[in-house]
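All remarks here apply to the structure that follows.
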Amino acid sequence: MSDKLYFSYNHIHKLCKESADKIRESNFKPDIIISIGGGGNIPSRILRTFLKQEGSKNIPIQVIGLSLYESLGTGNYDESQIGKEVVRTQWLDFGALDQHFDSLIGKNILIVDEVDDTRTTLHYAVSELQKDVKEQAERLGRTDEATNFGIFVLHNKDKPKKAQLDDEILQGRYYAARTLPDQWFCYPWDAQDIEFHSEQAIKQGFN
Ligand code: 5GP
């Protein structure tokens, strides 16, 4: 048995469809999707198909870029201080948002990534976006409007997390299509050989 899990495009499409139904049933209606670039892009786009309500506009998708890199703490070379830091490589285009959408203030914002591993990336994305919205709301005198964040991931790894999310999000607006044991997940967009990848996904029942 492989220690890696393979997921086909078909499987991912079905996970997004199923999750869109759950999001809708939970009465969270995203006004905008913020995709964590790379892994979040294909799930964001598929999810949008299934979240679209008849007669209403497509939900806009904005992409942010975040990378994790290994860092040593500021002190000695103590293993406990080796951690992962998040670096922003791309952020929101506020010009385009203001022109074609509106500000994020008072909106329902769904952050999308492919996998919640240590939770470091999702925690960073949520807290930075919360800060941006708070600053903007204070500047515009609109602090009475509630902005709600939700999270969608294809997979949540069942493991201790290195960063936490607000209870409000975790209890009410955290959507993981599947929670699986801690293994390496192979996504089709990373596959060098898509035939081999698909065969593995079929064998493992993820097609
Ligand atoms: P974090 O540890 O911050 O939750 O995970 C951040 C990123 O690590 C994810 O967005 C993803 O790009 C990458 N990652 C973590 N675990 C896996 C995995 O099992 N498979 C793949 N393809 N990427 C992963």
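The values are calculated or read from the model by the stated rules, or taken from the named source; none is laboratory data. Everything quoted here is computed from the prediction, not taken from an experiment. When we count neighbours, we look across all protein chains shown, and the Cβ atoms used for this are built from the backbone with ideal geometry, even at glycine. For the accessible areas, the whole protein counts, side chains as well, though only heavy atoms, and no ligand, DNA or RNA atoms are used. Shrake-Rupley method; radii C 1.70, N 1.55, O 1.52, S 1.80 Å.
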* In deg cm²/dmol and to the nearest 500, what is the mean residue ellipticity at 222 nm of the chain if only DSSP H runs of at least 4 residues count, each as -39500 (n - 2.57), divided by the residue total? -> -11000 deg cm²/dmol
* State the answer as a single residue: which of Thr147, Ile36, Gly83 lies farthest towards the positive end of the charge dipole of the chain, with beta carbon charges of +1 for Lys and Arg and -1 for Asp and Glu, about the Cα centre. => Thr147
* **the chain - percent of accessible surface contributed by carbon and sulfur, probe 1.4 Å** => 47 percent
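Assigning unit charges at the beta carbon (Lys, Arg +1; Asp, Glu -1) and nothing else, what dipole magnitude in debye, to the nearest 20, does the chain show about its Cα centre?
Magnitude of the dipole: close to 520 debye.
Considering only DSSP beta bridges with both partners in the chain, what is the antiparallel share in %, to the nearest 5? Please list the in-between numbers first.
Values: 7 of 33 bridges.
Just about 20 percent of them are antiparallel.
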* Using the Cα gyration tensor of region 87-207, with a ≥ b ≥ c the square roots of its eigenvalues, what is the shape: rounded (a/c below 1.5), prolate (a/b larger than b/c) or oblate (neither)? -> prolate
* Asked: Using a Gaussian network for the chain with springs between C-alpha atoms less than 10 Å apart, which of these wobbles most: Gly106, Gly65, Gly55?
  -> Gly55
* Compare the Cα positions of Cys186, Gly55, Asn207 along the charge dipole of the chain (+1 at Cβ of Lys, Arg; -1 at Cβ of Asp, Glu; about the Cα centre) and return the one farthest towards the positive end. => Gly55
* For Lys162, go through the lysines and keep the ones whose alpha-carbon is under 20 Å away, minus same-chain ones fewer than eight residues off. => Lys84
* Rank Tyr175, Tyr124, Tyr69 by mean-square fluctuation in a GNM of the chain with C-alpha springs under 10 angstrom and give only the top-ranked residue. => Tyr69
* **Anisotropy class of the chain from Cα gyration tensor, a/c 1.5 cut** => oblate
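With a Förster radius of 22 Å, plug the Cβ-Cβ distance of Asp167 and Glu70 into 1/(1 + (r/R0)^6) and report the FRET value to the nearest 0.05. If you can, show how the numbers build up before the last one.
Details: r = 30 Å, r/R0 = 1.35.
After rounding, the FRET efficiency stands at 0.15.
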* **Set of lysines with alpha-carbon distance to Lys131 below 16 Å, sequence-local pairs under 8 removed** => Lys107
* Residue among Tyr124, Gln171, Asn156 farthest towards the positive dipole end of region 116-174, charges placed on Cβ -> Asn156
